[in-house]
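One structure is given below, encoded as structure tokens.
The values are calculated or read from the model by the stated rules, or taken from the named source; none is laboratory data. No experiment lies behind these values; they were computed from the predicted model shown. Note: ideal-geometry Cβ built from the backbone for every residue, glycine included; neighbour counts use all protein chains shown.
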Amino acid sequence: MSSEFDFMTARELARRIAAREVSPVEVTRRALGRAEATQASLNAFVLIMDEQALTAARTAEDAVMRGAALGPLHGVPFSAKDLVAVGGVPFCFGSRTMADNVAAADAPPVERMKRAGAILIGKTTTSEFGCKAVGDCPLTGITRNPWNPAKTPGGSSAGAAASVAAGITPLAIGTDGGGSIRIPCSFTGLAGIKPQYGRVPVWPTTAAPTLSHVGPMARTVADAALMLTSMAGYDARDPYAVAGPVPDLMAACDAGVRGLRIAYSRTYGYAKPDADVVALIDAAAKTFETLGCIVEPVEAVFDSDPVEIWNAEFYASIGTRLAPILEKQRDLLDPAVAATLDGALQQDLRSYYTKVFERFALRERMRVLFEHYDLLLSPTLPVASLDVGVNVPAHLSDRNLVSWVYYPYPFNLTGQPAATVCAGLSQGMPVGLQLVGRALGEYDVVRGAAAFEATQPVRRPRGS
């Protein structure tokens, strides 16, 4: 049975807690109860942290009652993906080979969420080492989509998306090395932001350090913006951390989009989206015109699909880090992941560095494009849904574990900010609209996503 808390926005929940209208302990108990109750049906969590969460909630409640200064997310429950370190608890990366690993300390975004007053209730599931775009792994099994349990929530931030879409937590920390925030947000109807590379510091160092981003997953753009604001900012432990000021993303939510120049692409010149997805994104592009934007079709965004540049960097990087596991514990790995890593490690040094320079050329191409446009719109994914237990859609079987998604991974190569927001439903399943901004351009990405979201009805899974 739903509670009034289950689908309340994080901003409203924080406001009501600060006003002493809602108890942080009551809210946390409800989130923990929902997490436990849905484990059998959704399997969103690797670890539910009952004792730690309730201790933090009691401390939060005491602060409210004492009239202490409160953070912007005081008392609001959140989760952290199992590719993000939480000190003193298992840090497994979705792998049986790391099942006994325990993190020494909190990652910076976890530290900052706690500092903002948020209550961590648990660690969420991921595909093994974040290597697949769907929600299963040998360690935790299959994570399911609250919109339809026969469908995947996407990956690799699978449990994070399931938790937020099901009303367990309003917020979740996700990671994104090739779309792993945007893919599950698209499949579950959420707002997700991959910020500028380095905007949210990444530490400990990941297995794909030149591609990895940490960002927010939420049910509304404003909640995602507030969460990103709480996590963002320089940290010396991340050598790529952005040292400049964080944009005023809450102001961006109310800024509107009149006058923005927008490039709209159905395919980027190479993708093969389903017709139902294209119809919804066409409608979204027209919505931006009604909001006062100048929208222009730009089909060939790229000369060719940059997937091999991404494959060379992502899988070779992870394969190098995991080489001892591939050699000594291969039988414990997801066979599809192991096979993909094998292929990536077969490239020679000249082939790899050729792609490194192609990546620099790709960044320059995007810099020039964004001299003329403020945003780039496209589908987030080529399909509206995918059955559980399937790695790649059948009609895209020539693609690999991530390349079938087409649209997200180019912007891990360039580092530009990108977001996804629900554009509508196809056969009862959400379809995402991706918005990409120029380098350091989260302000425009958020204002675009928020303005579009304001034109859409509230959408929740059936029965919620």
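Go through the residues of the stretch 312-320 one by one and say whether even a single one is under 23 Å from residue 367 (Cβ atoms), touching a helix residue (DSSP H, G or I) at 6+ places or on another chain (Cβ under 6 Å), among the hydrophobic types (A, V, I, L, M, F, W, C) and surrounded by 20 or more Cβ atoms within 10 Å (Cβ to Cβ). Looking through the stretch 312-320, at least one residue is under 23 Å from residue 367 (Cβ atoms), touching a helix residue (DSSP H, G or I) at 6+ places or on another chain (Cβ under 6 Å), among the hydrophobic types (A, V, I, L, M, F, W, C) and surrounded by 20 or more Cβ atoms within 10 Å (Cβ to Cβ).
From the set of residues in the stretch 321-357 that are crowded, with 16+ Cβ neighbours inside 10 Å and under 24 Å from residue 303 (Cβ atoms), which is modelled with the highest pLDDT?
355
Could you tell me whether the stretch 356-366 includes any residue that is farther than 23 Å from residue 268 by Cα, assigned to a helix (DSSP H, G or I) and either within 21 Å of the chain's Cα centre (by Cα) or small (Gly, Ala, Ser) (or both)? No, the stretch 356-366 contains no residue that is farther than 23 Å from residue 268 by Cα, assigned to a helix (DSSP H, G or I) and either within 21 Å of the chain's Cα centre (by Cα) or small (Gly, Ala, Ser) (or both). Sort through 212, 186, 163, 157 and tell me the only one that's within 18 Å of residue 442 (Cα to Cα), touching a Ser or Thr at 6+ places or on another chain (Cβ under 6 Å) and at pLDDT 95 or above. Unique residue meeting the criteria: 212. Do we have residue 284 as in contact (Cβ under 8 Å) with a residue 60 or more places away in the chain, among the aliphatic types (A, V, I, L, M) and buried (at least 20 other Cβ atoms within 10 Å of the Cβ) here? Criteria met by residue 284. Applying the set (1) under 29 Å from residue 292 (Cα atoms); (2) at pLDDT below 95 to residue 435 leaves exactly one unmet item: (2). Each residue in the stretch 277-308 was checked for being under 23 Å from the mean Cα position of the chain (by Cα) and within 22 Å of residue 397 (Cβ to Cβ), and 6 pass. Of all the residues in the stretch 223-247, those that are assigned to a helix (DSSP H, G or I) and surrounded by fewer than 24 Cβ atoms within 10 Å (Cβ to Cβ) number 1. Checking each residue of the stretch 362-381 against the condition of being crowded, with 22+ Cβ neighbours inside 10 Å, closer than 23 Å to residue 143 by Cα and aliphatic (A, V, I, L, M) gives at least one match. Does the stretch 332-347 contain any residue that is without any contact (Cβ under 8 Å) to a residue 40 or more places away in the chain, part of a loop (DSSP other than H, G, I, E, B) and more than 22 Å from residue 267 (Cβ to Cβ)? Looking for residues that are without any contact (Cβ under 8 Å) to a residue 40 or more places away in the chain, part of a loop (DSSP other than H, G, I, E, B) and more than 22 Å from residue 267 (Cβ to Cβ), one finds at least one in the stretch 332-347, hence yes. From the set of residues in the stretch 1-27 that are assigned to a loop (DSSP other than H, G, I, E, B) and β-branched (Val, Ile, Thr), which is nearest to the chain's Cα centre (by Cα)? The selected residue is 9. Looking across 441, 463, 415, one residue alone is over 20 Å from residue 383 (Cβ atoms), surrounded by fewer than 24 Cβ atoms within 10 Å (Cβ to Cβ) and modelled with pLDDT under 95. It is 463. Of the set (1) out of contact with any His (no Cβ under 9 Å at 6 or more places or on another chain); (2) assigned to a loop (DSSP other than H, G, I, E, B); (3) farther than 23 Å from residue 388 by Cα, all apply to residue 83 but (3).
Restricting attention to the stretch 54-74, the residues being closer than 14 Å to residue 230 by Cα and small (Gly, Ala, Ser) number 1.
Can you list the helices (runs of 4 or more DSSP H) lying wholly within the stretch 86-196 that have 1 or more residues being among the aromatic types (Phe, Trp, Tyr), touching a strand residue (DSSP E or B) at 6+ places or on another chain (Cβ under 9 Å) and buried (at least 24 other Cβ atoms within 10 Å of the Cβ)?
Fully inside the stretch 86-196 and qualifying: 182-188.
Residue 323 meets each of the listed conditions (1) closer than 24 Å to residue 440 by Cα; (2) without any contact (Cβ under 8 Å) to a residue 60 or more places away in the chain apart from (1).
Of the conditions (1) over 21 Å from residue 165 (Cβ atoms); (2) touching a residue at least 40 places away in the same chain (Cβ under 8 Å); (3) not aromatic (Phe, Trp, Tyr), residue 382 satisfies every one except a single condition; which number is it? Against the list (1) over 21 Å from residue 165 (Cβ atoms); (2) touching a residue at least 40 places away in the same chain (Cβ under 8 Å); (3) not aromatic (Phe, Trp, Tyr), residue 382 comes up short only on (1).
In the stretch 1-44, the residue that is surrounded by the fewest Cβ atoms within 10 Å (Cβ to Cβ) out of those that are closer than 20 Å to residue 114 by Cα, among the charged types (D, E, K, R) and touching a residue at least 40 places away in the same chain (Cβ under 8 Å) is 20.
The criterion of being at pLDDT 95 or above, of a type outside the set (A, V, I, L, M, F, W, C), within 15 Å of the chain's Cα centre (by Cα) and buried (at least 24 other Cβ atoms within 10 Å of the Cβ) does not hold for residue 77.
Here is a yes/no grid of residues against (1) over 20 Å from residue 417 (Cα atoms); (2) without any contact (Cβ under 8 Å) to a residue 60 or more places away in the chain:
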| site | (1), (2) |
| --- | --- |
| 98 | yes, yes |
| 114 | yes, yes |
| 125 | yes, no |
| 147 | yes, no |
| 159 | yes, no |
| 174 | no, no |
| 188 | yes, no |
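Residue under question is residue 263, and the condition is that it be modelled with pLDDT of 95 or more, surrounded by 15 or more Cβ atoms within 10 Å (Cβ to Cβ) and closer than 23 Å to residue 367 by Cβ; does it hold?
Working: modelled with pLDDT of 95 or more: yes; surrounded by 15 or more Cβ atoms within 10 Å (Cβ to Cβ): yes; closer than 23 Å to residue 367 by Cβ: yes.
Considered against the rule, which asks whether it is modelled with pLDDT of 95 or more, surrounded by 15 or more Cβ atoms within 10 Å (Cβ to Cβ) and closer than 23 Å to residue 367 by Cβ, residue 263 comes out as yes.
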